Every structure is written in structure tokens, then in C-alpha cells.
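The values are calculated or read from the model by the stated rules, or taken from the named source; none is laboratory data. Small disclaimer: the values here were computed from a predicted structure and weren't measured. Positions of Cβ are generated from backbone atoms using ideal geometry, with glycine treated the same way; all protein chains shown enter the neighbour counts. Note: accessible area is taken over every heavy atom of the protein model, side chains too, but ligands, DNA and RNA are not part of it. Shrake-Rupley method; radii C 1.70, N 1.55, O 1.52, S 1.80 Å.
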Amino acid sequence: MGKRALNQKQIEEIHVLLLQNKQKIETTLRTIDTEHESLSDMDLNDDGDFAAASRDYSNDIHIKKQQLKELNLIDHALKKIEKGEYTGLCEMCDSEISIKRLRVKPHAIYCIDCRSYIDNEKNGN
Ligand SMILES: [Zn+2]
């Protein structure tokens, strides 16, 4: 067994948080889908209604995309925990991700430095 940043108890804590977040996201996704189903049943005669509805719709698509992305990361972390491979170490530089950060974002796979590096790259800075 290699380097590990977290003890068993902390990993258990992250595990519970991941499962809770997963459930929350699945509920959100289900709610969005149900709303869209009722939206297509609705009679949108008025242009204003339609604009508002499609604005909500594109916002929902945006939320849905983000939630699905987060769900992927959660599943990734859960798989690692199940296989006993979860370390709480950054997947890029191998340094510790603080437990404080993991409590807020249990699916985090990068430390803050690497995360901001990646974000800057994406923004083209
Ligand atoms: Zn890192």
C-alpha cells in the first residue's frame, strides 16, 4: 500500500458525503427531467411564455451538464474507495488534498494548486 493522506475514519467520512451528494444530484436530475416533461405538455401560446420557458430550459441544461459532470467525479471517487485505492492525494501532483477541502468537495481529485492551474489553462490565461 502506497502513500495515503487520510486514515480509515476520514475515508469513511468522505464515503458518506459522496453517497449523500450522489443522492442529491440524482434527485435534482430527476426533478429537471420531470419539469421538462410537463413543459412539453404545456400550451405555450404566448411568445413571452415561450421565451421564459426556453430560458429556463437552457439554464436547466446547463445545470444538468454540471451535475452530470459532478456525478462522474463522485462515481470515480466511490469506485476508488470500494477498491481500497482512495488516498485523498491529488491525481496530478500527488500532494495531500486537505480534509477541509474534501469535506466541502468530497469528489475533488486535485489539490487547490492544480485545480487553479487547470482552471487558468481552460480560461486561456
Ligand atoms: Zn496537485
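Observations
- Residue in region 109-116 that is among the polar types (S, T, N, Q), touching a strand residue (DSSP E or B) at 6+ places or on another chain (Cβ under 9 Å) and either surrounded by fewer than 13 Cβ atoms within 10 Å (Cβ to Cβ) or closer than 15 Å to residue 6 by Cα (or both) present: no
- Filtering region 61-105 to residues that are part of a loop (DSSP other than H, G, I, E, B), in contact (Cβ under 8 Å) with a residue 60 or more places away in the chain and buried (at least 16 other Cβ atoms within 10 Å of the Cβ) leaves 86, 87, 88, 97.
- Top-ranked residue in region 1-44 [being under 20 Å from residue 89 (Cα atoms) and among the small types (Gly, Ala, Ser); ranked as modelled with the lowest pLDDT]: 2
- Which listed residue is within 16 Å of the ligand (Cβ to nearest atom), of a type in the set (Lys, Arg), farther than 13 Å from residue 6 by Cα and out of contact with any Ser or Thr (no Cβ under 6 Å at 6 or more places or on another chain), from 64, 105, 83, 100: 105
- Neighbours by Cβ (under 7 Å, 6+ apart or cross-chain): first from region 111-123, under 17 Å from residue 100 (Cα atoms) and at pLDDT below 95; second in a helix (DSSP H, G or I) and open to solvent by 60 Å² or more (accessible area, probe 1.4 Å): none
- The number of residues in region 108-125 that are away from the ligand (no atom under 12 Å from the Cβ) and of a type outside the set (Gly, Ala, Ser) comes to 6.
- Checklist (1) within 16 Å of the ligand (Cβ to nearest atom); (2) at pLDDT 95 or above applied to residue 74, failing item: (1)
- Within region 4-41, the set of residues being open to solvent by 70 Å² or more (accessible area, probe 1.4 Å) and either in contact with a Cys (Cβ under 8 Å, 6 or more places away or on another chain) or not in a helix (DSSP H, G or I) (or both) comprises 4, 7.
- Search result, residues across region 106-125 that are over 18 Å from the mean Cα position of the chain (by Cα) and assigned to a loop (DSSP other than H, G, I, E, B): 123, 124, 125
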